[in-house]
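Before any comments, here is the structure.
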Amino acid sequence: MTFTHSIKSFDELTNHELYNLLRLRSDIFVVEQNCAYLDLDNKDQKSFHLLYYVDNELAGVTRLLPAGLSYDEISIGRVVIARSHRGLGLGRKLMEASLEGCEEKFGKAPIRISAQYHLLKFYQSLGFIEQGEVYDEDGIPHIEMLRA
């Protein structure tokens, strides 16, 4: 298996890349998680997008947001792995590439995320610490986490 990734601004994405990343996000967040929400929130245009490939097939994506867009801190959001590529340890690889991408694009600084609560231990293993209380976001328990 060959693992590769690229990080692109919204304007650098090709039509096909944009379509594929939006389709993947919709497939998981809307269809699989049965969650009707507005994915297109006008933050994509100001963010960087990490596209993670396995053997040249899109397997995962994240959105890297500059400080001030979602939180005072830099943020990583829309973290998703395709159903067809789960069980390969891609979640860790995707997040490690995203952390490196944030430092590359925005400099070394704290990163805040809104994590699905059932993934708390996974994000803790990447250096994130929970902040505040669990809250409901679109019917799914979430918690804010910070990596200093």
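Structure values in brief
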read-out	value
The range 71-108, residues that are under 24 Å from VAL31 (Cα atoms) and small (Gly, Ala, Ser)	GLY77, ALA82, SER84, GLY87, GLY89, GLY91
Test: residue in the range 26-36 that is hydrophobic (A, V, I, L, M, F, W, C), within 24 Å of ASP11 (Cβ to Cβ), out of contact with any Leu (no Cβ under 8 Å at 6 or more places or on another chain) and assigned to a helix (DSSP H, G or I)	yes
Criterion: in contact (Cβ under 8 Å) with a residue 40 or more places away in the chain and open to solvent by less than 50 Å² (accessible area, probe 1.4 Å) - qualifying residue of ALA109, ALA67	ALA109
Matching residues, the range 132-148, being of a type in the set (D, E, K, R) and either more than 21 Å from ILE111 (Cβ to Cβ) or at pLDDT 95 or above (or both)	GLU133, ASP136, ASP138, GLU144, ARG147
Criterion: within 24 Å of GLU104 (Cα to Cα), open to solvent by 30 Å² or more (accessible area, probe 1.4 Å) and more than 13 Å from the chain's Cα centre (by Cα) - qualifying residue of TYR37, TYR53, TYR19	TYR53
Of residues in the range 128-148 being under 17 Å from GLU73 (Cβ atoms) and within 16 Å of the chain's Cα centre (by Cα), the one surrounded by the fewest Cβ atoms within 10 Å (Cβ to Cβ)	LEU146
Qualifying residue in the range 130-146 (condition: in a strand (DSSP E or B), within 19 Å of LYS8 (Cα to Cα) and touching a Lys or Arg at 6+ places or on another chain (Cβ under 6 Å))	no
Search result, residues across the range 82-103 that are touching a residue at least 24 places away in the same chain (Cβ under 8 Å) and either open to solvent by less than 30 Å² (accessible area, probe 1.4 Å) or of a type in the set (Gly, Ala, Ser) (or both)	ALA82, SER84, HIS85, LEU90, GLY91, LEU94, MET95, ALA97, SER98, LEU99, GLY101, CYS102
Residue count, the range 101-122 (criterion: within 14 Å of the chain's Cα centre (by Cα) and over 16 Å from ARG63 (Cβ atoms))	2
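The values are calculated or read from the model by the stated rules, or taken from the named source; none is laboratory data. Here the structure is a predicted model, which means the values were calculated and not measured. Here Cβ is always computed from backbone atoms with ideal geometry, including for glycine, and neighbour counts include all displayed protein chains. Heavy atoms of the whole protein, side chains included, go into the accessibility calculation; ligands, DNA and RNA do not. Shrake-Rupley method; radii C 1.70, N 1.55, O 1.52, S 1.80 Å.
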